[in-house]
1. State the Kirkwood hydrodynamic radius of the chain in Å, one decimal place, computed from all pairs of distinct Cα atoms.
2. Find how much the distance from Ala101 to Ser88 grows on full extension, using 0.36 nm per residue of separation minus their present alpha carbon separation; answer in nm with one decimal.
3. In deg cm²/dmol and to the nearest 500, what is the mean residue ellipticity at 222 nm of the chain if only DSSP H runs of at least 4 residues count, each as -39500 (n - 2.57), divided by the residue total?
4. Quick one: dipole size for the stretch 1-141, taken about the Cα centre, charges +1 on Lys/Arg Cβ and -1 on Asp/Glu Cβ, in debye to the nearest 20.
5. Of the options Gly82, Leu134, Ala99, report the single residue whose Cα projects farthest towards the positive end of the charge dipole of the stretch 32-148 (beta-carbon charges: Lys, Arg +1; Asp, Glu -1).
6. Which residues in the stretch 115-130 have a backbone N closer than 13 Å to a point placed 7 Å from the Cα of Trp32 along the Cα-to-Cβ line?
7. Restricting attention to the alpha-carbon atoms of the stretch 109-149, what are Rg (one decimal) and Dmax (integer), both in Å?
8. Determine the gain in length on full extension of the stretch Arg147-Glu9; use 0.36 nm per residue of separation and subtract their C-alpha separation, reporting nm with one decimal.
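Please treat every number below as a calculation from the coordinates, not as lab data. Since this is a predicted model, take the numbers as computed values, not measurements. FYI the Cβ positions are ideal-geometry reconstructions off the backbone, even for glycines, and counts take in every protein chain you see.
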Amino acid sequence: MNTTARYLEPGRAAGVLNTVVTGLTRLGVSLWGSRVLAVRGRVSGEWRTVPVNVLTFRGERYLVAPRGETQWVRNLRVAGGGELRVGSRVEAFAATPVADADKPALLRAYLRRWKFEVGVFFDGVDQDAPEHRLREIAPDYPAFHLRGR
């Protein structure tokens, strides 16, 4: 059994794209629902930012980490919340991790919405995958339920 948390480090192209998306989002231009996630660093306590896609699913909002156990995931687990920013709008939120058993439908909706952008991180699994396959991969994709503060 693999006990190492899955993490796909962004390459140079992803870094450039993240910089562009972050810049546009900070200017108030949200691409496909993008937001700038701001969360306090778990060690430094300083604000850390990264572009994210906020998924609205069954009337609730979620963050999914397609690259796995990223720094923002680790920070959000410790902080328990953060801010979503678009332009000058700042929305504080509280975050609760989603249990693996509750992720399959969420992952399906996420892939349906953003497969063109994040499909490469799902190793051939897409929105049409059988339920059992989504359950198998669920532990590799941290997800958080968001609530307003």
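1. Here the Kirkwood hydrodynamic radius works out to 15.7 Å.
2. Gain on extension, Ala101 to Ser88, equals 1.0 nm.
3. Value at 222 nm, helices only: -9500 deg cm²/dmol.
4. Using only the charged Cβ atoms, the result is roughly 380 debye.
5. Gly82
6. Output list for this probe position: 115-122.
7. For the stretch 109-149, the Cα radius of gyration and maximum Cα-Cα distance read 11.5, 37 Å.
8. Taking 0.36 nm per residue and subtracting the Cα distance, the gain is 46.9 nm.
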